[in-house]
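A quick write-up on the structure given underneath.
The values are calculated or read from the model by the stated rules, or taken from the named source; none is laboratory data. These numbers come from a predicted model, not from an experiment. Here the Cβ positions follow ideal geometry from the backbone for every residue, glycine too, while neighbour counts run over all protein chains shown. All accessible areas refer to the heavy atoms of the entire protein, side chains included, with ligands and DNA or RNA removed. Shrake-Rupley method; radii C 1.70, N 1.55, O 1.52, S 1.80 Å.
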Amino acid sequence: QVQLVESGGGLVQPGESLRLSCAASGISFRFYAVGWYRQAPGQQRELVATITSGRSTNYAGSMKGRFTISRDNTKNAVYLQMNSLKPEDTAVYYCSATNSPSITRMGGDYWGQGTQVTVSS
């Protein structure tokens, strides 16, 4: 059974940082492209960042320069380092994976349950 589990969310003040983790079980992450997505209340889910199986990365415009996606295949995990957080980054963050070299803005075959990130003073 495939499971993706996100962790690392929380409440932070504007300008602070968080590191989200997405841990996979039941699959070998090294063959999967993985994406981070987020959904704020009343809004559609949107792409945050993706990383291919070959470690190429892509970011949504507003996240460039502030967020960094990375992967550690030895730990079957993908991370999202978020710096200089803003109130508008408040959302539930999800990871998704697909058994392909790349993943689209629609996400993949597997999804985690999400982790809440709240940025507020």
**Prompt:** So which pairs qualify, if the first residue must be in the range 39-53 and farther than 19 Å from Pro87 by Cβ and without any contact (Cβ under 8 Å) to a residue 60 or more places away in the chain, the second must be outside any strand (DSSP E or B) and among the aromatic types (Phe, Trp, Tyr), the Cβ gap must be under 6 Å, and the two must be at least 6 apart or on different chains?
**Reply:** Ser53/Phe31
**Prompt:** Within the range 27-34, can one find any residue that is of a type in the set (D, E, K, R), at pLDDT 95 or above and open to solvent by 60 Å² or more (accessible area, probe 1.4 Å)?
**Reply:** no
**Message:** Can you list residue pairs whose Cβ atoms sit under 6 Å apart, with the first residue in the range 82-97 being touching a residue at least 24 places away in the same chain (Cβ under 8 Å) and the second being outside any loop (DSSP other than H, G, I, E, B) and of a type in the set (D, E, K, R)? Count only pairs 6 or more apart in sequence or on different chains.
**Reply:** Ala91/Arg38; Tyr93/Arg38; Cys95/Glu6
**Complete:** Among residues of the range 35-73 being among the hydrophobic types (A, V, I, L, M, F, W, C) and modelled with pLDDT under 95, the residue surrounded by the most Cβ atoms within 10 Å (Cβ to Cβ) is Met63
**Prompt:** Being β-branched (Val, Ile, Thr) and in a loop (DSSP other than H, G, I, E, B), is that true of even one residue in the range 31-40?
**Reply:** no
**Prompt:** Leu18 versus (1) without any contact (Cβ under 8 Å) to a residue 24 or more places away in the chain; (2) surrounded by 17 or more Cβ atoms within 10 Å (Cβ to Cβ): which is the lone unmet condition?
**Reply:** (1)
**Complete:** Considering the range 77-120, residues that are of a type in the set (S, T, N, Q), at pLDDT 95 or above and part of a loop (DSSP other than H, G, I, E, B), and then whichever is least open to solvent (accessible area, probe 1.4 Å), we arrive at Thr90
